[in-house]
Structure formats: C-alpha cells, structure tokens
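One structure is given here, and the rest of the page talks about it.
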Amino acid sequence: MAASYYEFFAGGGMARAGLGKGWMCLFANDIDAKKGSSYAANWGSEELRIDDVGNLATADLPGLADLAWASFPCQDLSLAGDYAGLKGERSGTFWLFWRLMKALVEERRAPSVVVLENVCGALTSHGGKDFAAIGSALVDGGYDFGAVVIDAKWFVPQSRPRLFVVAIRKTLTAPGDITQTEFDPAWHPANLVGAYERLPERLKPSWIWWRLPAPPARTSTFADIVENEPAGVEWHDAAETRRLLAMMSRLNRKKVERAKAMKTRMVGGVYKRTRLDEDGNRAQRAEIRFDDIAGCLRTPVGGSSRQSIMVVEREKVRTRLLAPREAARLMGLPDSYRLPEKYNEAYHLVGDGVVVPVVRFLAAHLLEPLLAGRAGREQEAA
C-alpha cells in the first residue's frame, strides 16, 4: 500500500515529483493561482486547493496522511525579507500550517511524519529563537525531531543548501539504522549543530540525529544542461556582453581569461550583486563561477537578480539569461514537466521549489524506512 501525504505550499509539485509514484497525494495546497495552474497541468487538479493556508480547516484534509510536507515561504528567514523571521508575513505562515497539524492531533489524525523544508537561515534567524520556536511547536504537538542540511550540488549542478526538519510522532520508534548518537558533519554542518546547542534544554531529549548515506556521484555538469538554441531567451548582443564584463572585478575578469585559455567549452553562471568598490562605495558587480555548477536559483523578486550564463569558447564569449528549461533541469525536473509560457512565471515557479532528486534521496533513505512497518513499532512504543 502506498504511503499517503499532504503537500502544503506545494508550488508546482516538486515535492510530489520527488516522492514519486510510490506515494499517494491526498491533498495539495498553494495560495498562488499561477503556480496552481502549473501544478494542475502536471499532476491534475483533483487533490489541489488554491487558497490561503489560513483559510483551511481539517475538514478540507481527507483521510489519514502518513506524511505532511511543508516547504513554507523562506523570504522572512533570509536577507530578502530583512530577516523578519517567523513573525514575518510570509514565513509566519508556518503557524497557520501548524494550526492545522495541532487540530489533526486533537482529531487523532496526526501524520506520522512531518517534513519542513526551508533555507538555512531558519537555523540562525533571531539568534536561533525561530528554530527553537519550531522545535517547541513540534515537541508540544507530540513529535520528536531532527534536521539535516542537504546541498543540491550533490545531485544536480546547482549550489542550493536547504534545511530539512524531519519530525516523527513520539509513538513511532525510528529504526536504529537511520539514527545515530552524534552529528555527522556531512549532513549536520556547524550552523545546524549550533542551532541544536542553542535549543532550550527541555527540547534536547526530543532531538534525533538522523543518519543518511553518502550521496551518489553527480553525473551532470552545468554545461550539460545549457542549450545552444534555447527557448524563451535570446543571446545578448556584443554590447551587453561587454557591459557584463565591465561590471566584473579584476578577480572575476581573470576567471574569464582563464576560461578562454581552456581547450574546451566553458560555461559559467553570472549573478549581479552589490559590493563595495575600491573606494568603499557601493557598486553593482557581476560575479562569475566556472566550477561546473550554477549558483543558487533565486526568484526574480525582492531585488534578487536572475542568473545569467556566460559561454566561453577560446576568444568567443557569449552571454544571456538562463532559459526556463535550463532552470528546471537545475531543479531536477524532467523535460516532460510542463512550464508556464511566460519567462518570469516559469523562473519564479522553479526558483521557489525544492530539488526533485533531493526529495527522492530523503524519501528513500529516511521517510520510507520510517514508515515501513510503522504499525508494529507504534504498537510496541504505545
């Protein structure tokens, strides 16, 4: 029997894509009608509800889900939202989601597992108080919890570290082969360990150090996903390419010169950032990387720049925006996934999502072992 789940802040259904056919979606929700259109185009609309999560009631949630997945908005936990934290308008929607979970607990329909996905800024927001608040909510709701940080670069050619908080009902005993007694630096970096150490003492007995295997070897590079004749974007003219080069610091221009000296086609990701110049004044700079992976995709809102690419073949240098299909590939979506026709809508959809093979890795090595044979373990623990 397939495991079942609710998908909150669903976007285009990338968590659904990662969980795969062995999972059954009972309910999906997002407030954004445009994202909802993409969700429906790819997965159908039967389980989908486009509405503010604050307007939902437990009566809207059918059945008894094994998992509740929530990729709640990250803006207030990052610079884009001035670090407003869980009191911010967007990231504060976590509490609206958690209101539903508490109500399910009262109805004895609590999901066995809850996964919260967000940026790593959630670990340090307000000096760790926001992370502690999430932990308190989970523990008071009858869950034990732990967390891992997974960088998408191990699976796709994109640098995208994300925090995954995985909580299980206190009546559910985790198999010993997916837990450990201390942290593993591969999945529990210093910022996560620090967040754990700052937790109130009452929460630490409920903490779990999750165990994950080493990630598989990545088989693709940034250059592999870049097309010579992309749809939805055009190559810059020579003047625009010169303008981008002129915005680079001496260090970044040296990177381009080294790329020209290579005997192979070199593809780099370019972001525009505000930096201090040699005189201490704020100036917009173009920064490039030629390390076979793209920078983290960002949505084109809140002042974030869209990622450009630079293709260098000896003395020939071309630049353009990253195409929507290329962005989707960086998120691990197959080319069969239907994207919106408008550039900004497509880029926003994928830039707000979760990387598909990361979800699959987490499901295969943590979520599915947790749920396998859970009835017997819950009975033993009761």
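The values are calculated or read from the model by the stated rules, or taken from the named source; none is laboratory data. Note that the structure is a prediction, hence the values are computed from the model and not measured. Here Cβ is always computed from backbone atoms with ideal geometry, including for glycine, and neighbour counts include all displayed protein chains.
Being of a type in the set (D, E, K, R) and within 13 Å of Ser308 (Cα to Cα) is the filter here; which residues of segment 253-284 pass it?
Matches in segment 253-284: Lys272, Arg273.
Just checking, which of Lys129, Lys153 is in the same structural domain as Trp23 (by TED's automatic domain parsing), surrounded by 17 or more Cβ atoms within 10 Å (Cβ to Cβ), assigned to a helix (DSSP H, G or I) and of a type outside the set (A, V, I, L, M, F, W, C)?
Lys153
Against the condition farther than 24 Å from Val354 by Cβ and of a type in the set (Asp, Glu), how does Asp140 come out, does it pass?
Taking the combined requirement at face value, the residue satisfies it.
Looking at (1) touching a helix residue (DSSP H, G or I) at 6+ places or on another chain (Cβ under 6 Å); (2) at pLDDT 95 or above; (3) more than 20 Å from Ile293 (Cα to Cα); (4) of a type outside the set (Val, Ile, Thr), which one does Ser336 not meet, given that it meets all the others?
(1)
State all residues of segment 215-240 that are assigned to a helix (DSSP H, G or I) and under 22 Å from Ile293 (Cβ atoms); if no residue qualifies, say none.
Within segment 215-240, Phe222, Ala223, Asp224, Ile225 meet the criteria.
Table: residues versus (1) touching a Lys or Arg at 6+ places or on another chain (Cβ under 9 Å); (2) under 30 Å from Ala174 (Cα atoms).
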{"site": "Ser206", "(1), (2)": "yes, yes"}
{"site": "Trp209", "(1), (2)": "no, yes"}
{"site": "Pro213", "(1), (2)": "no, yes"}
{"site": "Ala217", "(1), (2)": "no, yes"}
{"site": "Ser220", "(1), (2)": "yes, no"}
{"site": "Asn252", "(1), (2)": "yes, no"}
{"site": "Lys255", "(1), (2)": "yes, no"}
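If a residue has to be over 19 Å from the mean Cα position of the chain (by Cα) and either buried (at least 21 other Cβ atoms within 10 Å of the Cβ) or among the hydrophobic types (A, V, I, L, M, F, W, C) (or both) to count, how many in segment 156-169 make the cut?
1
For segment 103-126, enumerate the residues that are at pLDDT 95 or above, touching a Gly at 6+ places or on another chain (Cβ under 8 Å) and in a helix (DSSP H, G or I).
Of everything in segment 103-126, just one residue is at pLDDT 95 or above, touching a Gly at 6+ places or on another chain (Cβ under 8 Å) and in a helix (DSSP H, G or I), namely Val105.
What tally of residues in segment 272-283 results from selecting those that are assigned to a strand (DSSP E or B) and either farther than 21 Å from Glu257 by Cα or among the hydroxyl-bearing types (Ser, Thr, Tyr) (or both)?
Residues flagged as assigned to a strand (DSSP E or B) and either farther than 21 Å from Glu257 by Cα or among the hydroxyl-bearing types (Ser, Thr, Tyr) (or both) within segment 272-283 amount to 5.
With the checklist (1) in a strand (DSSP E or B); (2) in the same structural domain as Val148 (by TED's automatic domain parsing) in hand, flag the one item Pro369 doesn't pass.
Of the numbered conditions (1) in a strand (DSSP E or B); (2) in the same structural domain as Val148 (by TED's automatic domain parsing), the odd one out for Pro369 is (1).
Of the residues that sit in segment 175-192 and are modelled with pLDDT of 95 or more and in contact with a helix residue (DSSP H, G or I) (Cβ under 7 Å, 6 or more places away or on another chain), which one is surrounded by the most Cβ atoms within 10 Å (Cβ to Cβ)?
Step by step, filter segment 175-192, then rank; the result is Leu192.
List the pairs whose first member sits in segment 265-291 and is farther than 20 Å from Lys153 by Cβ, whose second member is of a type in the set (Ser, Thr, Tyr) and modelled with pLDDT of 85 or more, and whose Cβ atoms are under 7 Å apart, counting only residues at least 6 apart or on separate chains?
Arg285/Ser249
Just checking, how many residues over segment 246-271 are surrounded by fewer than 16 Cβ atoms within 10 Å (Cβ to Cβ) and not in a loop (DSSP other than H, G, I, E, B)?
8
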